[in-house]
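As structure tokens, the structure follows; a few thoughts come after it.
The values are calculated or read from the model by the stated rules, or taken from the named source; none is laboratory data. Quantities reported herein were computed from a predicted structural model and do not represent experimental measurements. Positions of Cβ are backbone-derived with ideal geometry, glycine not excepted, and every protein chain shown enters the neighbour counts.
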Amino acid sequence: MILDVVTWAAVAAALAAEDSRWLRVAQREHYEPGRATAMAGLWSKVKPENQLLLAAAALCIAGGLWVHPVTLLGLAAIAAWPLGLPVRGRSAKFGWTDRMKRLTGVTVGLQVVLAAAAGLLAGPYAAAVVALLAVPTVDLAMAIMRPIEKKLAQRWVVEAQDKLRRLRPTVVAITGSYGKTSTKLYVNQLLSRSHAAVASPASFNNLMGLSRTVNDRLVPGTEVFVAEMGTYGPGEIRELCRVFPPTIAAITTIGEAHLERMKNRETIVRAKSEITEDAAISVLNVDVPELAALADRLDGVKRVVRCSTVPGTRADVVVAPVDGGRWEVTVDGAPVTTVDAPGAGHPINLAVAVGIARALDVDPATLAPLMVDLPGAAHRAELQRDERGVAVIDDTYNSNPDGAASALRSARAAVGEGGRIFTITPGMVELGDQQVERNRAFGADATAAPNQVLAVTQLTNKKALLAGASGQPGEVRTYASREAAAAAIMPETRAGDVVLFENDLPDNYP
């Protein structure tokens, strides 16, 4: 009898520990059903000891049906699994939001029902099996809650739609594999003297984020609403455009961001292209072959503004890098201005922003003074120098292969004579079957010269990064975390050195 009570208490304790971990992971993964299981698989893959611990837990819980005390060993093992993923987050802050409260309630409710059913059938030792199923139970709860959350959000969505109909601003929708936020900030600045514009803040790029922006920030007199639109798959941007119908639609670029979820580049192109379906004007980066083809298909059906970074390209707007770390801006073949490149920014983002201003019939001549001091997006290729003359590039937000390569080029351009380039990175994620190869290539690039030091943090991409660096002239170091790497490297830096922080994975990644 006492053992039964202790076992029930141990089941509850193990579930509490597991739920604390995996509900936090669910929040970090945007409540996407299946992502908890995917992350559990990653923890087992990169830390084989977790496979052994899970197997031991399963064997003990199964054996406990006959030798009851063994159940407690299994529950202790599952409460500690996976090794390395803390019960309480260190870098991934847990938000006890209303949505999380509802998800927690459904998760715990499912577990209580399952444990009670198992307990009635075979006692508390059978109920211990529910602790083994904590991860798929969280995924099941997310799947159950998805349509409910959509229904609950409808009130705010309808309110936003009503407000848009009343205020009637021109909606400018911006998407792309990356560059969305920087482009949005550039657009907001370029329109600051000609239009009363409101841009969605930070990365408010989904249905609820954009609804909140409209409800909280749009006011009578707002002429332009600049809406960043993100997606994890086909259909999502089409839904956003139904709620926030754009007059002008822009695609910054096509890359491999979220390739794991979208599976292939063709799906990414299809998902991003939804933004142009009902827009009267499309602003497209024609340096990307698929977007150049899209521009040709749309031409004649609607107005198309072509943007490029390559002089001589058939484009309405060209922002081309020139000597001295400057960008030359050309509109309709006529030079507008030459500006200092903003830190480690990307010229195509400015080209698309100028293209949007052109679509709004802003006089190009009025744009030149607004491009003198372009705003930067936080953690996106931000370059600063400290008082010692050490350049620090913060490119920690959602790294991708093209962006990482560009950040390294910026680091090489910023390094002083005799200086070194320290690249601190956990590598890139969500690249599907390309992830190993892309991280291998980045590891090679980050150690291509004797003055380059690659500091690999965490375990997620450690093997691939080290494999890429193997045989290269640069140096390789490994650290448990970004904080540990920075603490070791920053004191040894000197004037002329560059420290590149490339990507930052929260602690729900190993």
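Of the conditions (1) closer than 20 Å to Ala444 by Cα; (2) at pLDDT below 90; (3) in a loop (DSSP other than H, G, I, E, B), Ser410 fails just one. Which one is it?
Tallying (1) closer than 20 Å to Ala444 by Cα; (2) at pLDDT below 90; (3) in a loop (DSSP other than H, G, I, E, B), Ser410 fails exactly one: (3).
Within the range 315-328, can one find any residue that is free of Cβ contacts under 8 Å to residues at least 60 places away in the same chain and out of contact with any strand residue (DSSP E or B) (no Cβ under 7 Å at 6 or more places or on another chain)?
yes
If Ala469 meets every condition in (1) crowded, with 21+ Cβ neighbours inside 10 Å; (2) within 30 Å of Arg306 (Cα to Cα); (3) modelled with pLDDT of 95 or more; (4) more than 23 Å from the chain's Cα centre (by Cα) apart from one, which number is that one?
If we test Ala469 against (1) crowded, with 21+ Cβ neighbours inside 10 Å; (2) within 30 Å of Arg306 (Cα to Cα); (3) modelled with pLDDT of 95 or more; (4) more than 23 Å from the chain's Cα centre (by Cα), just (2) comes out false.
Please go through the range 111-122 and give me each residue that is in contact with a Ser or Thr (Cβ under 9 Å, 6 or more places away or on another chain) and crowded, with 18+ Cβ neighbours inside 10 Å, ordered by number.
Answer for the range 111-122, where residues must be in contact with a Ser or Thr (Cβ under 9 Å, 6 or more places away or on another chain) and crowded, with 18+ Cβ neighbours inside 10 Å: just Gln111.
Out of the residues in the range 384-403 meeting the condition of being in a loop (DSSP other than H, G, I, E, B) and crowded, with 19+ Cβ neighbours inside 10 Å, tell me which one is modelled with the highest pLDDT.
Looking at residues that are in a loop (DSSP other than H, G, I, E, B) and crowded, with 19+ Cβ neighbours inside 10 Å, I get Val390.
Specify which of the listed residues (Gly324, Gly300, Gly343) is surrounded by fewer than 22 Cβ atoms within 10 Å (Cβ to Cβ), modelled with pLDDT under 95 and within 23 Å of the chain's Cα centre (by Cα).
Gly343
Residue-wise test of (1) of a type outside the set (Val, Ile, Thr); (2) assigned to a loop (DSSP other than H, G, I, E, B); (3) over 31 Å from the mean Cα position of the chain (by Cα); (4) not assigned by TED's automatic domain parsing to the domain that holds Met208.
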{"position": "Arg24", "(1), (2), (3), (4)": "yes, no, no, yes"}
{"position": "Gln27", "(1), (2), (3), (4)": "yes, no, no, yes"}
{"position": "Tyr31", "(1), (2), (3), (4)": "yes, yes, no, yes"}
{"position": "Met39", "(1), (2), (3), (4)": "yes, no, no, yes"}
{"position": "Ser44", "(1), (2), (3), (4)": "yes, no, no, yes"}
{"position": "Glu49", "(1), (2), (3), (4)": "yes, no, no, yes"}
{"position": "Leu59", "(1), (2), (3), (4)": "yes, no, yes, yes"}
{"position": "Trp66", "(1), (2), (3), (4)": "yes, yes, yes, yes"}
{"position": "Leu73", "(1), (2), (3), (4)": "yes, no, yes, yes"}
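Which of the residues belonging to the range 85-131 are outside any loop (DSSP other than H, G, I, E, B) and of a type in the set (Phe, Trp, Tyr)?
Residue satisfying the conditions is Tyr125 alone.
Which number in (1) crowded, with 18+ Cβ neighbours inside 10 Å; (2) charged (D, E, K, R); (3) in the same structural domain as Val498 (by TED's automatic domain parsing) marks the one condition that Glu417 misses?
Condition not satisfied by Glu417: (1).
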